[in-house]
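The values are calculated or read from the model by the stated rules, or taken from the named source; none is laboratory data. Keep in mind that what you see is a predicted model, and the values were worked out from it rather than measured. Ideal geometry is used to build each Cβ from the backbone, glycine not excepted, and the neighbour counts take in all protein chains shown. Please note that ligands, DNA and RNA were not included when accessible areas were found on the heavy atoms of the full protein model with its side chains. Shrake-Rupley method; radii C 1.70, N 1.55, O 1.52, S 1.80 Å.
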Amino acid sequence: MRRRCRQRSGAEGSVVGSDAGGRRCVVFRGPFVRYPEAREVAMSSRRGVVCVDTQSGRIVACGDEGEAGFEALSRWAQGAARVVSLSGSEFLMPGLVDAHAHAPQHAFAGTGLDLPLLEWLQTYTFPHEAKFGDVAYARRVYEGVVRRHLRSGTTTASYFGTIHVEGTLELVAACEALGQRAHVGKVCMDANAPEYYVEKDAATSAAAAARFVEAVEARRSPLVEASVVPRFAPSCSAELLAALGRLASSRCLPVHTHLSENRQEVDWVASLFPEAKCYADVYRRAGLLGDRAYFAHCCYCDTLERGILADANAGVVHCPTSNFMVGRHMADVRAWIDRGVKVGLGTDVAAGWSTSMLDAARHAVVTSRLVAEREADPRKALSWREVLYLATKGGADVLGLDAGALAPGRLFDALVVDAALLDGPLDVFDPAAPAVLLEKFFWNGDDRNVRDVFVSGVRVAGARESPADAPRANRWRLAALAAALLAAVLFARR
């Protein structure tokens with residue numbers, strides 16, 4: 001797979017353009033989350049300013065009192081088309097990035113968590129995913145999935161679909177219509193699966209994957225990109241893995257799959273692919289490793305595998321909830337960070353029972369402390385600030401997106417959070433600094449605190465009642481309809 005085949009289009013650190021002017025900007029005034037250094041989370045003062053260009057949906061400037069140029073920025077921002085002044089208990093933060101979720105499994109989330117991975121797949125997952133050959137059923141479930149993720153503050157998700165092309169295209173349509181940024185992949189599997197839920201052979205599966213990619217690309221969506229998704233090595237023949245590697249390389253597509261989730265799975269891979277040096281080497285030999293590839297779990301990876309992924313500039317998605325439930329192990333995230341590997345965070349619904357990235361983040365902190373105890377190494381423990389980074393900018397970097405941070409040049413995928421709601425999930429009795437409100441939200445908050453959800457500067461969800469924003473949210477719905485019509489016309493001409 002080619003390395004570094006897609007570069008970010010935005011430029012971090014860019015300044016306000018004189019041609020834009022404040023007239024086409026929305027300005028947010030109040031505290032906002034920022035990352036002054038790698039993996040470090042900080043909060044601005046209550047005088048913080050974030051300026052968003054309404055046409056591009058990108059941040060054009062941000063700053064805080066005491067910084068060079070802040071007073072000039074504040075004066076410039078006075079000419080904005082709209083100024084949003086946050087209340088004393090509100091703050092602005094980057095949208096959450098769920099880098100690994102199984103969209104069809106949302107329908108049975110919260111059930112069937114009594115079995116380890118391989119038995120869980122056969123007993124619960126495969127029978128349920130087989131239902132998504134029914135396009136109407138797929139449409140109904142996927143609309144619910146995307147709505148639920150958005151309400152939880154997840155502005156970007158990387159989704160597995162199912163083996164069905166038409167059903168998985170309904171997931172693409174739901175993301176477009178509801179305004180969520182996403183990677184979406186049709187699952188590929190031609191081996192070691194029940195007869196009712198497996199593709200005929202490698203050629204059939206690869207051809208269906210290519211057809212799905214072409215259909216997504218024909219929509220020319222500003223939000224959704226197709227990904228290449230071999231379910232995991234045991235469900236794919238060597239021929240299929242190689243074909244998918246060629247597809248990903250030829251179109252420079254993201255590759256999204258699993259790696260070393262469960263000990264039984266790792267042993268199975270060794271028996272199925274004896275020529276490979278390790279589990280990660282199976283994907284490397286198939287051409288599925290590169291800077292656009294990312295792998296969920298990675299619980300049992302050793303020094304050799306960490307080196308293979310690091311050399312390929314691939315990413316890792318930590319899924320602490322499902323690792324406890326069906327993986328039955330804990331990943332050493334600090335080892336990946338120390339190796340310089342990109343790391344994001346995932347809910348892994350439905351092996352993870354919740355669509356909430358806050359739940360996954362809390363479990364990541366707890367897991368790291370258990371790993372630190374197991375390894376007798378306090379450095380293995382992750383702080384909540386480090387994990388919040390993984391849940392935002394870390395995930396965006398794994399997916400190769402210009403999101404995940406409130407910085408010039410980045411897409412304005414963001415949340416307005418209110419930490420002091422009446423009858424909300426957390427209490428604030430005394431005056432609290434913005435940094436304290438952020439920490440309380442991390443540990444005790446939920447979707448009720450997420451007042452506004454923005455994707456590319458458009459409000460698409462949130463607990464706040466805001467009828468005035470409905471026409472702006474409809475922008476994505478109209479764009480999705482236009483994309484579907486365009487795709488139909490293009491395919492009709494073939």
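For the range 417-458, what are the residues that are under 12 Å from residue 155 (Cβ atoms) and either acidic (Asp, Glu) or part of a strand (DSSP E or B) (or both)?
Of the range 417-458, the ones under 12 Å from residue 155 (Cβ atoms) are 450, 452-458.
Within the range 417-458, 450, 452, 453, 454, 455, 458 meet the criteria.
Taking the range 178-190 only, how many residues are open to solvent by 10 Å² or more (accessible area, probe 1.4 Å) and within 18 Å of the chain's Cα centre (by Cα)? Before the answer, list the steps.
Taking the range 178-190 as the starting set, the residues that turn out to be open to solvent by 10 Å² or more (accessible area, probe 1.4 Å) are 178, 181, 190.
Right, trim to within 18 Å of the chain's Cα centre (by Cα) and you get 178, 181.
Counting residues in the range 178-190 that are open to solvent by 10 Å² or more (accessible area, probe 1.4 Å) and within 18 Å of the chain's Cα centre (by Cα) gives 2.
Please go through the range 307-329 and pick out each residue that is under 21 Å from residue 391 (Cα atoms), open to solvent by 20 Å² or more (accessible area, probe 1.4 Å) and modelled with pLDDT of 95 or more. Full working, then the answer.
Taking the range 307-329 as the starting set, the residues that turn out to be under 21 Å from residue 391 (Cα atoms) are 309-310, 313-325, 327, 329.
Next, only the ones that are open to solvent by 20 Å² or more (accessible area, probe 1.4 Å) stay: 310, 313, 324-325, 329.
Answer for the range 307-329, where residues must be under 21 Å from residue 391 (Cα atoms), open to solvent by 20 Å² or more (accessible area, probe 1.4 Å) and modelled with pLDDT of 95 or more: 310, 313.
In this structure, is residue 441 of a type in the set (A, V, I, L, M, F, W, C) and closer than 30 Å to residue 222 by Cα? Don't jump to the end; show me each part of the working.
On the way: of a type in the set (A, V, I, L, M, F, W, C): yes; closer than 30 Å to residue 222 by Cα: no.
It is false that residue 441 is of a type in the set (A, V, I, L, M, F, W, C) and closer than 30 Å to residue 222 by Cα.
Is one or more of the residues making up the range 355-376 surrounded by 24 or more Cβ atoms within 10 Å (Cβ to Cβ), charged (D, E, K, R) and in contact (Cβ under 8 Å) with a residue 24 or more places away in the chain?
No; the residues of the range 355-376 include none that is surrounded by 24 or more Cβ atoms within 10 Å (Cβ to Cβ), charged (D, E, K, R) and in contact (Cβ under 8 Å) with a residue 24 or more places away in the chain.
Can you list the strands (runs of 3 or more DSSP E) found entirely within the range 67-169 that contain at least 2 residues being over 30 Å from residue 428 (Cα atoms)?
By residue number, 96-102, 154-160.
Taking the criterion of being over 23 Å from the mean Cα position of the chain (by Cα) and either of a type in the set (Asp, Glu) or part of a loop (DSSP other than H, G, I, E, B) (or both), would at least one residue in the range 312-325 satisfy it?
Kept after step one, since they are over 23 Å from the mean Cα position of the chain (by Cα), are these residues of the range 312-325: none.
Checked against the condition, which is being over 23 Å from the mean Cα position of the chain (by Cα) and either of a type in the set (Asp, Glu) or part of a loop (DSSP other than H, G, I, E, B) (or both), the range 312-325 yields no hits at all.
Note down all Cβ pairs under 7 Å where the first residue falls in the range 331-346 and is modelled with pLDDT under 95 and assigned to a loop (DSSP other than H, G, I, E, B), the second is of a type in the set (A, V, I, L, M) and surrounded by fewer than 20 Cβ atoms within 10 Å (Cβ to Cβ), and they're at least six residues apart or on different chains.
Short answer, once both residue conditions are applied: none.
Of all residues in the range 261-294, which are in contact with a strand residue (DSSP E or B) (Cβ under 6 Å, 6 or more places away or on another chain) and in a loop (DSSP other than H, G, I, E, B)?
Scanning the range 261-294 gives 261, 288.
Mind telling me which of the residues 210, 193, 233 ends up being at negative phi, surrounded by 24 or more Cβ atoms within 10 Å (Cβ to Cβ) and either modelled with pLDDT under 95 or over 19 Å from the mean Cα position of the chain (by Cα) (or both)? Don't jump to the end; show me each part of the working.
Values: 210 fails: surrounded by 24 or more Cβ atoms within 10 Å (Cβ to Cβ); 193 fails: surrounded by 24 or more Cβ atoms within 10 Å (Cβ to Cβ).
Just one listed residue meets the conditions, 233.
Return the pair list, or none, for Cβ contacts closer than 8 Å from residues in the range 257-271 that are free of Cβ contacts under 8 Å to residues at least 12 places away in the same chain to residues that are not β-branched (Val, Ile, Thr), at least 6 apart or on different chains.
Listed pairs, sorted by first residue: 270/276; 270/279.
Let me confirm something: among 56, 74, which residue is modelled with pLDDT under 95 and either touching a strand residue (DSSP E or B) at 6+ places or on another chain (Cβ under 9 Å) or within 24 Å of residue 432 (Cα to Cα) (or both)? It would help to see each step written out before you state the result.
Values: 56 fails: modelled with pLDDT under 95.
Every option except 74 fails the conditions.
With respect to residue 119, determine if the residue is free of Cβ contacts under 8 Å to residues at least 60 places away in the same chain, over 19 Å from the mean Cα position of the chain (by Cα) and surrounded by fewer than 18 Cβ atoms within 10 Å (Cβ to Cβ).
yes
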